[in-house]
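Trainee: One structure, as structure tokens, below. Some questions next.
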Amino acid sequence: MYKTGITIATDGSHHNGNGGWAVVISDASGKLLKEGSGAARNTTNNQMELTAVIQAVKHIRAQAQQTQFTLATDSAYVATGIQNFHKWEEMGFHTCGGKKVANLDLWMELFREMRTRNIELNVVKIKGHANHPWNNRADELAKAARLSLQ
């Protein structure tokens with residue numbers, strides 16, 4: 001879908017404390033390479049969005065020769081967080097408003113995995129539910145994973 005090689009579409013789903021996450025990985029031609037999902041109780045949507053990216057990073061470097069990937073996400077939280085991580089790090093993991101970064105354990109895990117695997121994510125913020133084929137699929141998988149907990 002994007003000309004940068006492998007694209008990762010991620011999504012999170014949450015309702016009443018139950019959450020699901022999903023990852024859909026495709027090549028530059030748009031061919032599906034891999035998809036996966038999981039679920040958790042007592043979580044938030046942002047935690048599921050981050051978990052999806054963490055799971056994708058853990059998988060892609062083991063499977064691909066490249067180190068740069070496109071991350072297509074409908075989560076402004078994820079897109080902004082990836083862009084701000086180094087600034088947060090410089091500020092002792094506080095936001096510009098002085099608040100402690102939320103979900104810091106997950107952010108730290110994501111960037112530890114990225115550094116360990118020498119991965120760079122080029123984030124493309126997409127509009128949710130706007131007919132992006134892999135985002136639609138990730139949304140379906142995340143909801144199904146969440147619903148599996150009921």
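Trainee: Using a Gaussian network for the chain with springs between C-alpha atoms less than 10 Å apart, which of these wobbles most: Trp88, Trp134, Trp107?
Mentor: Trp88
Trainee: Using alpha carbon coordinates only, what is the Rg to Rh ratio of the range 2-45, with Rh defined as the Kirkwood radius?
Mentor: Taking Rg over the Kirkwood Rh, I get 1.15.
Trainee: Tell me the mean residue ellipticity at 222 nm calculated for the chain from its helices only (DSSP H runs of n ≥ 4, each -39500 (n - 2.57), averaged over every residue, nearest 500).
Mentor: Helix-only estimate at 222 nm: -13500 deg cm²/dmol.
Trainee: Set the Förster distance to 22 Å, then compute FRET efficiency between Asn122 and Glu90 from the Cβ-Cβ distance, nearest 0.05.
Mentor: The formula returns an efficiency of 0.50 here.
Trainee: Within 14 Å, Cβ to Cβ, of Ala130, how many net charges do the neighbouring residues add up to if Lys/Arg are +1 and Asp/Glu are -1?
Mentor: 0
Trainee: Determine the dipole magnitude for the range 7-147: charges of +1 sit on the beta-carbon of Lys and Arg, -1 on that of Asp and Glu, nothing else is charged, the reference point is the Cα centre, and the result goes in debye to the nearest 20.
Mentor: I would put it at about 80 debye.
Trainee: A further question on this structure: Can you work out the Karplus-derived ³J(HN,Hα) for every residue in the range 49-54? Use 6.51 cos²θ - 1.76 cosθ + 1.60 with θ = phi - 60°, whole Hz, and x for glycine or proline.
Mentor: Taking θ as phi minus 60°, the curve returns 4, 5, 4, 4, 5, 4 Hz for the range 49-54.
Trainee: Count neighbours as other Cβ atoms within 10 Å of each site's Cβ, and list the GluC sites (Glu not before Pro) in the range 39-145 that are DSSP loop with at most 15 such neighbours.
Mentor: Answer in residue order: no site qualifies.
Trainee: Over the Cα atoms of the chain, compute the convex hull volume and normalise it per residue, giving Å³.
Mentor: 108 Å³
Trainee: Something else now. The range 90-150: Rg/Rh from Cα coordinates, Kirkwood Rh?
Mentor: On the Cα set of the range 90-150, Rg over Rh gives 1.08.
We did not get these values from a lab; they are worked out from the coordinates using the rules stated. For clarity, every value in this text was computed on a predicted model and none was experimentally measured. All Cβ positions, even for glycine, are placed from backbone atoms using ideal geometry, and neighbour counts span all protein chains on display.
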